[in-house]
Structure formats: structure tokens, C-alpha cells
Amino acid sequence: MDKRQQKLTEENLKFRHTDKKSYNKKIILGSIVASFVAATPFLFYLYEYVPDSEKWETIFGTYSSVEYGSANVAMWVLAMKAVPLLLSLVWFFTCRHWWYHALLVPIAMFTFQFVSALNFDLRYVDEFEIIWLLPIMAIVFPSIYLIRAKMFNKINDAGKTMEELEEEFMIKPKTFWGKIKQYF
């Protein structure tokens, strides 16, 4: 009986040790994400350090502002597009609700705006994004509605709570790349 009890306590210690490791990893990852979100105002205001001239000399090369007339204005426009895109991506990859696929629509919009802001030959930025978003919305909206309808059918039939159904429908990849792969 003594050996059996000792074996059980050793297994419990192994389980606690691995559980503590995964908890520590979650704390570290959460701290990194929280620090990134808290630093986004600083990321946005990096454009203030760009000179207000048409050419900007950097260690990566010379940047010449074609359409905007000023490198400072060009970086301001890029910051206006990049920061909401980054925050939306963080929200998408950290969201635990069943409706997180709806975040694909603003992510697609911010991506389109960011790419069009990079295209310096484009005369009118932020003009026709809704046209390009229609195919994405045509896929995301019905799928969200179907998931919602399936959840409410299960609520009425099984008597489960909303939290239990969210857990049932939640897809939980183990790694960051696993989360990315599930969408492609």
C-alpha cells in the first residue's frame, strides 16, 4: 500500500509540474500580448520622428514620398491603418467567443486599407472597400448565423447554458501557427 500511495503522489507531482509549466507559459504569453496592446499608442506616434520632408534617409535606404508630399504624412497614414489592423488581429487570435469569425470582416477592411495606403500611385484611398469586402461578408455572416442557430437549437433541446455551448463550439489550436493554419 505504501508503494502504491508513493506512486500516486509521484504522478500527482508530475501533473502539477506540467500544469505549472503551461500556466507559466500562458502568463508569459498574456503579458507579452498585454504589453503589445498597451504599447500601441507609442507605435502609432512613431510617425512623429519621421522628418517633414519629401525624402527620408534611413538605415534601410532612402524613402521618397510620391503622392503624400511628405514622409511624415505618409507614415501617419500608414500608422492610421496599421495600428487598428494589429489590434484587430490580437483580438481575433485571443478571442474565446463563438462569434470571433465576425472579426474577419474588419480585419479584411483594415488589411485592404493598409495595402491601398502602401500603393502610392492610388489617388483616392478609402473609397471602395465595401465592394471588396462583400465576398468576405457573404461567407462570414451566414456562417455566424448558422452557428448561432445551431447553438440556440441545442439550448432549446438540451438545456445547456450559453457558456457550455461556447465551449463546445470553440476551436482550440495549441500553437499560434495552429490558429493561423485553421483559417487557411
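The table below lists the values:
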quantity: Inter-label distance, nm, simple model (7 Å from Cα along the C-beta direction), residue 115/residue 35; calculated: 3.2
quantity: Approximate spin-label separation residue 130-residue 70, in nm, with each point projected 7 Å along Cα-to-Cβ; calculated: 3.1
quantity: Residue 21-residue 53 pseudo-label distance in nm [points 7 Å out on the Cα-to-Cβ vector]; calculated: 5.5
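All of the numbers you see were taken from the coordinates with simple rules; none came from a lab. Since we're looking at a predicted model, the values are computed, not measured. With ideal geometry, Cβ positions are generated from the backbone for all residues, glycine too; neighbour counts draw on all protein chains shown.
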